[in-house]
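J.: Sharing a structure here in structure tokens format.
The values are calculated or read from the model by the stated rules, or taken from the named source; none is laboratory data. As the structure is a prediction and not an experimental result, all values here were calculated from the model. Don't worry about glycine lacking a Cβ; one is built from the backbone with ideal geometry, like all the others, and counts go over all protein chains shown.
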Amino acid sequence: MKNRVFALALALLMLALPAGWAQEEAAAPLKLAEIEQFNQLLLERAVADGLPSFAGDGGFVVRGEGYELLLAGADVSSDSLVLSAALLWAGEHGEDEAALPLTGPRDSQPGMGVEALFQLFPNDNAYLAGRRDSAVLYLDGELPAAVSAGFLLRDGQAVQLVEYDVYYQAGEGVVRAGIQYTVQENFVTAVRSFVGKDAVSQQAAAEELQKLGELQEETSYIAYADTLDGKLSREDMVLGGLDFFDTDYQAAVQALGEPANEERHQDGDSEIITCQWPGLEAVFTLKDGVSRAVRLSVQEGLLEGPRGLRLEDTLAQALSRFPHGGVLGEAGGTLYGDAENQVPPYGLMRIEADSTLLYYAFEAEAGKAGLVLAFVDDALVSMTLTYL
């Protein structure tokens with residue numbers, strides 16, 4: 001295993017770091033015609049496959065291999081009104097396919113990485129700033145003309161849905177149509193179009209766009225900050241929503257509730273408090289009535305750590321979040337800085353027989369602090385913020 005990890009790490013050091021989510025050339029906003037073409041493509045496939053329809057929620061469903069449609073009527077023909085069309089994840093394409101795989105707008109399809117998807121459409125938000133649960137990618141146009149918008153839903157840095165919309169005039173009202181990309185573990189699992197059945201008022205549409213505009217200005221959560229190309233810093237030291245330097249015992253209890261287990265013992269003139277919550281352990285020192293965190297660690301669950309790392313992430317994913325330009329041997333070596341003498345800031349890899357450890361350190365106000373990541377079989381099994 002040690003040789004395999006060394007070979008993987010060596011290959012990773014030859015790769016350049018990503019420069020955020022921005023694409024090299026500006027892409028055009030999604031157009032209504034692209035949605036209509038996608039709907040027609042899947043409708044023609046359903047007609048060619050001779051598929052029937054059956055009554056479903058909100059219309060009539062047509063289900064084929066790797067795709068489905070929602071029609072306004074029961075008839076399946078080239079002039080049927082499509083309310084929604086979807087490509088669904090079907091794994092690897094077989095060798096005996098009768099036709100080329102179906103694709104969504106701009107050749108998007110299930111199985112592609114979310115990074116590749118971002119390259120196909122505008123992205124005015126390279127570091128995905130917004131709220132922890134959402135962010136706007138772009139807004140283009142102004143009512144009463146057509147307006148295009150892109151946004152995503154997420155759990156921290158785990159993207160769950162990417163949606164590109166078009167608002168357009170229909171009589172006295174406005175209709176919203178779009179393409180949704182469902183995402184799991186950083187890969188697209190479904191491509192689904194939708195067209196609003198009924199127009200909303202100009203005011204209602206303007207209010208929706210105003211909310212997107214407000215979200216576009218939000219920066220309370222940044223998925224990949226401008227520290228992405230830099231060394232571990234104070235801003236990175238957050239684990240499970242707890243800021244390592246700002247969290248004392250009372251703050252942790254207020255944020256997480258009473259610990260499931262708590263132990264205390266005296267160490268000289270200080271008291272050591274060790275607390276466990278589901279998925280997280282915290283150690284505090286208490287002296288003269290003042291407590292401070294000295295270690296935060298997770299070994300289970302889906303809590304988010306520095307730069308969006310989560311348990312089960314691969315060694316490659318972790319290395320890609322920080323600089324790595326040093327020379328490695330079979331036992332590991334320097335990733336950046338003077339790791340050999342452990343002078344912060346530095347990054348260090350240690351490859352052992354059954355595990356791999358990454359250390360990232362910097363000089364904090366109260367001493368050297370950093371992040372320790374442990375991997376077994378190429379999977380992240382623990383994350384620890386600590387004084388070193």
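J.: Would you confirm whether or not region 172-181 contains a residue that is closer than 22 Å to residue 214 by Cβ, surrounded by 19 or more Cβ atoms within 10 Å (Cβ to Cβ) and β-branched (Val, Ile, Thr)?
T.: Yes, that holds for at least one residue.
J.: From 325, 279, grab the single residue that is of a type outside the set (Lys, Arg), in contact with a Gly (Cβ under 9 Å, 6 or more places away or on another chain) and in the same structural domain as residue 245 (by TED's automatic domain parsing).
T.: Going through 325, 279 in turn, the sole match is 279.
J.: Of the numbered conditions (1) out of contact with any Asp or Glu (no Cβ under 6 Å at 6 or more places or on another chain); (2) over 24 Å from residue 243 (Cβ atoms), residue 315 satisfies every one except a single condition; which is it?
T.: Of the numbered conditions (1) out of contact with any Asp or Glu (no Cβ under 6 Å at 6 or more places or on another chain); (2) over 24 Å from residue 243 (Cβ atoms), the odd one out for residue 315 is (1).
J.: Looking only at region 341-362, decide whether some residue is in contact with a strand residue (DSSP E or B) (Cβ under 6 Å, 6 or more places away or on another chain) and on the phi > 0 side of the Ramachandran plot.
T.: Scanning region 341-362, I find no residue that is in contact with a strand residue (DSSP E or B) (Cβ under 6 Å, 6 or more places away or on another chain) and on the phi > 0 side of the Ramachandran plot, so the answer is no.
J.: Name the residue that is nearest to residue 156 (Cα to Cα), counting only residues in region 235-255 that are of a type in the set (A, V, I, L, M, F, W, C) and part of a helix (DSSP H, G or I).
T.: For region 235-255, the residue satisfying everything is 255.
J.: Looking at region 156-171, which of the residues that are surrounded by fewer than 21 Cβ atoms within 10 Å (Cβ to Cβ) and free of Cβ contacts under 8 Å to residues at least 60 places away in the same chain is nearest to the chain's Cα centre (by Cα)?
T.: 160
J.: Would you mind stating whether residue 258 is part of a loop (DSSP other than H, G, I, E, B) and more than 25 Å from the chain's Cα centre (by Cα)?
T.: When the stated conditions are applied, residue 258 passes them.
J.: Could I ask something else about it? Determine, yes or no, whether residue 81 is within 26 Å of residue 147 (Cβ to Cβ), free of Cβ contacts under 8 Å to residues at least 24 places away in the same chain and either surrounded by fewer than 16 Cβ atoms within 10 Å (Cβ to Cβ) or assigned by TED's automatic domain parsing to the domain that holds residue 175 (or both).
T.: yes
J.: For region 322-340, check the following and say yes or no: at least one residue is of a type outside the set (Val, Ile, Thr), in contact with a Pro (Cβ under 8 Å, 6 or more places away or on another chain) and modelled with pLDDT under 90.
T.: No, every residue in region 322-340 fails to be of a type outside the set (Val, Ile, Thr), in contact with a Pro (Cβ under 8 Å, 6 or more places away or on another chain) and modelled with pLDDT under 90.
J.: Starting from region 298-316, take each residue that is on the phi > 0 side of the Ramachandran plot and list its partners that are among the hydrophobic types (A, V, I, L, M, F, W, C) and not in a loop (DSSP other than H, G, I, E, B), counting only C-beta distances under 8 angstrom and pairs at least six apart or across chains.
T.: Pairs that qualify, where the first residue is on the phi > 0 side of the Ramachandran plot and the partner is among the hydrophobic types (A, V, I, L, M, F, W, C) and not in a loop (DSSP other than H, G, I, E, B), are 301/280; 308/158; 312/379; 312/380.
J.: Can you find even one residue in region 127-142 that is farther than 30 Å from residue 306 by Cβ and out of contact with any strand residue (DSSP E or B) (no Cβ under 8 Å at 6 or more places or on another chain)?
T.: Yes, there is a match, as at least one residue in region 127-142 is farther than 30 Å from residue 306 by Cβ and out of contact with any strand residue (DSSP E or B) (no Cβ under 8 Å at 6 or more places or on another chain).
J.: Does region 212-222 contain any residue that is within 30 Å of residue 72 (Cα to Cα) and either in the same structural domain as residue 41 (by TED's automatic domain parsing) or not aliphatic (A, V, I, L, M) (or both)?
T.: Among the residues of region 212-222, at least one is within 30 Å of residue 72 (Cα to Cα) and either in the same structural domain as residue 41 (by TED's automatic domain parsing) or not aliphatic (A, V, I, L, M) (or both), which makes the answer yes.
J.: Please verify whether region 176-186 includes one or more residues that are touching an Asp or Glu at 6+ places or on another chain (Cβ under 6 Å) and touching a residue at least 60 places away in the same chain (Cβ under 8 Å).
T.: Looking for residues that are touching an Asp or Glu at 6+ places or on another chain (Cβ under 6 Å) and touching a residue at least 60 places away in the same chain (Cβ under 8 Å), one finds at least one in region 176-186, hence yes.
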